[in-house]
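Shown next, in structure tokens, is the structure this report addresses.
The values are calculated or read from the model by the stated rules, or taken from the named source; none is laboratory data. Note that the structure is a prediction, hence the values are computed from the model and not measured. Every residue, glycine as well, gets a Cβ built from its backbone with ideal geometry; the counts of neighbours run over all protein chains shown. Ligands, DNA and RNA are excluded from the accessible area calculation, which covers all protein heavy atoms including side chains. Shrake-Rupley method; radii C 1.70, N 1.55, O 1.52, S 1.80 Å.
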Amino acid sequence: MDPTTDNAGQSETAGTARASLEALRAEIAKAVVGQDPAVTGLVVALLCRGHVLLEGVPGVAKTLLVRALASTLELDTKRVQFTPDLMPSDITGSLVYDTRTAEFSFQPGPVFTNLLLADEINRTPPKTQSSLLEAMEERQVTVDGTPRPLPEPFLVAATQNPVEYEGTYPLPEAQLDRFLLKLTIPLPSRQDEIDVLTRHASGFDPRDLRAAGVRPVAGPADLAAARAAVARTTVSPEITAYVVDICRATRESPSLTLGVSPRGATALLATARAWAWLTGRDYVIPDDVKALALPTLRHRVQLRPEAEMEGVTADSVINAVLAHVPVPR
């Protein structure tokens, strides 16, 4: 096969995939108002085969956002409400005795889906939280010694409430590190909130996305083509060194007891590549790294108690690091 023809075909397929993923924003906007950064973050996570932690107060459309994304991509989605009495088998599935065959058969849990919405993940004990670790990292679950692969693609979108901590179990650092991105879902602006109320007054039903006009605009084939294109995105040695310098600088910050690990550096490089491709380039520039630094790193650092009391935040520390680390030319 002629390499030139092959490259042209790859470029055309990648261009079609990019256009389809860009159309997601307009389609999801039919149901969710003013959350473009969160939509982009979810798409980046899908491209990187990662998972997302969504943090926001109740009522800012976190659940609706994930459901709308699944509808536009023609992906299967399931929701699990995490509660203190939830058991690991309620997520992964379990062996059930069949009286007709006198044998045990495996009953898959809700984790066997494409997009799993883990609602209020910090409301369930660590034993149940940890049942997701193998699924998130290995993309399989092991029940009774038998590993069972999960569908492809597979993404966990977990939510947590940042203001109510009574009766919650904070996620340990090891589990937080499994999330590719931590996206903060802010309260809408005044105009966005007016738009939300206007839609509801006109009969919008968040439980019926089809009636709202949300239609599939991309599919698993587009996602596979996009992932292949992201993998071909060029990263120069200078950009790689820039990512490493940012992460090493967090480990030296006096405001932190825990800086970004090498896994975090790998995640930042991956998300920067995905963002570069989404914006129409086949190479990464420093601005791509800066654009994804906060959502990729904010949950991978730990503040000192005294810094936290002084009002220092993870975002402010990372912004200070970005301001001081020399940018490659």
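Cβ contacts < 7 Å: first residue at negative phi, restricted to the range 226-254; second residue among the aromatic types (Phe, Trp, Tyr) and crowded, with 18+ Cβ neighbours inside 10 Å, any location; separation 6+ or different chain. Result? If the second residue must be among the aromatic types (Phe, Trp, Tyr) and crowded, with 18+ Cβ neighbours inside 10 Å, the pairs left are ALA229/TRP277; VAL230/TRP277; THR233/TRP277.
Look at the range 18-34: where a residue is closer than 21 Å to HIS200 by Cβ and touching a residue at least 12 places away in the same chain (Cβ under 8 Å) and a partner is among the acidic types (Asp, Glu) and part of a helix (DSSP H, G or I), sitting 6+ places away or on another chain with Cβ atoms under 6 Å, you get VAL33/ASP192; VAL33/ASP195; GLY34/ASP192. Across the range 259-283, the qualifying residues are those that are closer than 30 Å to ARG304 by Cβ and in contact (Cβ under 8 Å) with a residue 60 or more places away in the chain, and the one among them that is surrounded by the most Cβ atoms within 10 Å (Cβ to Cβ) is THR271.
Residues of the range 88-111 that are open to solvent by 30 Å² or more (accessible area, probe 1.4 Å), under 30 Å from LEU73 (Cα atoms) and in contact with a Phe, Trp or Tyr (Cβ under 9 Å, 6 or more places away or on another chain): SER94 alone. Screening THR234, THR184, THR168, THR198 for residues that are farther than 25 Å from ALA70 by Cα and either open to solvent by 50 Å² or more (accessible area, probe 1.4 Å) or among the small types (Gly, Ala, Ser) (or both) leaves exactly one candidate, THR234.
Scan the range 126-180 for residues that are within 17 Å of the chain's Cα centre (by Cα) and among the small types (Gly, Ala, Ser) and the total you get is 4. Those strands (runs of 3 or more DSSP E) of the range 21-99 in which 2 or more residues are of a type in the set (A, V, I, L, M) occupy 52-55, 93-98.
Under the condition of being out of contact with any Lys or Arg (no Cβ under 7 Å at 6 or more places or on another chain) and hydrophobic (A, V, I, L, M, F, W, C), which residue from the range 119-140 is nearest to ALA158 (Cα to Cα)? Applying the filter and picking the extreme gives ILE121. Screening ALA158 against (1) exposed (fewer than 15 other Cβ atoms within 10 Å of the Cβ); (2) at pLDDT 80 or above leaves a single unmet condition, (1).
Inside the range 284-329, can you point out the residues that are among the hydrophobic types (A, V, I, L, M, F, W, C), in a helix (DSSP H, G or I) and surrounded by 20 or more Cβ atoms within 10 Å (Cβ to Cβ)?
So in the range 284-329, the residues among the hydrophobic types (A, V, I, L, M, F, W, C) come out as 284-285, 289, 291-294, 297, 301, 303, 307, 309, 312, 314, 317-318, 320-323, 325, 327.
Still in the running and in a helix (DSSP H, G or I): 289, 291-294, 297, 307, 309, 314, 317-318, 320-323.
If the condition is that a residue be among the hydrophobic types (A, V, I, L, M, F, W, C), in a helix (DSSP H, G or I) and surrounded by 20 or more Cβ atoms within 10 Å (Cβ to Cβ), then VAL289, LEU292, ALA293, LEU297, ALA314, VAL317, ILE318, VAL321 are the ones that fit.
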